[in-house]
Amino acid sequence: ASSGYTKFFVALKDSVTGNYVERAGITLVPMMDMGSMAHSAPVEQPASTQAVNKLFPCSVGFIMSSMGGTWTIAVQVNNLENNQSGMVSFPIHVKESSPSRMYSFTSLVDNSSRYFVGLVEPSDPFVGINDLEFVVYKRQSMMAFPADSSLSISFEPSMPSMGHGSPNNVNPVHIGKGHYKGKVNFTMTGLWRLDLQLHSGTAVADSTHGFDIEF
């Protein structure tokens, strides 16, 4: 896995019959153990207790790599087909994404709220108009990072080496569960910079971060 927004798919099998379990309640609990302290991470639990093609889609927003400690993911399962429950925990190595796919900032509005912004799309950029998707989480505690829909996002794409931007971009709007979708127009290959502005109402919460995309 890599730092940032990471999709997971959970598959369950009955240990006796070998059949897939397709009705279950599943909860992921990611934990980073740094020795002197521990914290969790943003997580999107499976949206349904019904499997999709025998899989339960979910995601974790790894807010740091494994360089500073050890990540584990506990998967709590309630098998709705036989009412059995259990838990399995496994270590996972998280490498540092380069370029970065997630950043955090402290809101300028109150100087205390900590937000995490992840790049979801484009995961496979091309020349032309790409789907653009961000996800935003707000740190409630070291163990809780709920999705946040309170901010508005605008962005400016540019090619640092060429000194130009691009037309026909669409600022992302919130579509649910902290996800914001828009469009970005890449007019040529190379290194692009997306400079983001996040607003809380009319006040600027952050305008000093962004994402690099190269293809």
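Nothing in this text is a laboratory measurement; each read-out follows from the coordinates by a stated rule. Keep in mind that this is a model prediction, so the values were computed, not measured. Neighbour counts are summed over all protein chains in view; Cβ atoms, including those assigned to glycine, are modelled from backbone coordinates with ideal geometry.
For the peptides 65-72, 78-85, 128-135, the ranking by mean Cβ contacts within 10 Å, running from highest to lowest, is 128-135, 65-72, 78-85. Here are labelled values, (i) 62, 39, 33; (ii) 56, 38, 35; (iii) 56, 50, 39, and one is the computed Cα extents along the principal axes in Å for what I pasted. Which one? Recomputing Cα extents along the principal axes in Å here picks out (i). Here Val173, Val60, Val109 are placed in order of increasing Cβ neighbour count within 10 Å, fewest first, which gives Val173, Val109, Val60. Multiplying the residue separation of Asp195 and Gln84 by 0.36 nm and subtracting their alpha-carbon distance yields 35.1 nm.
Averaging the Cα positions of each part gives two centres, and for segment 7-32 and segment 93-130 these lie 28 Å apart.
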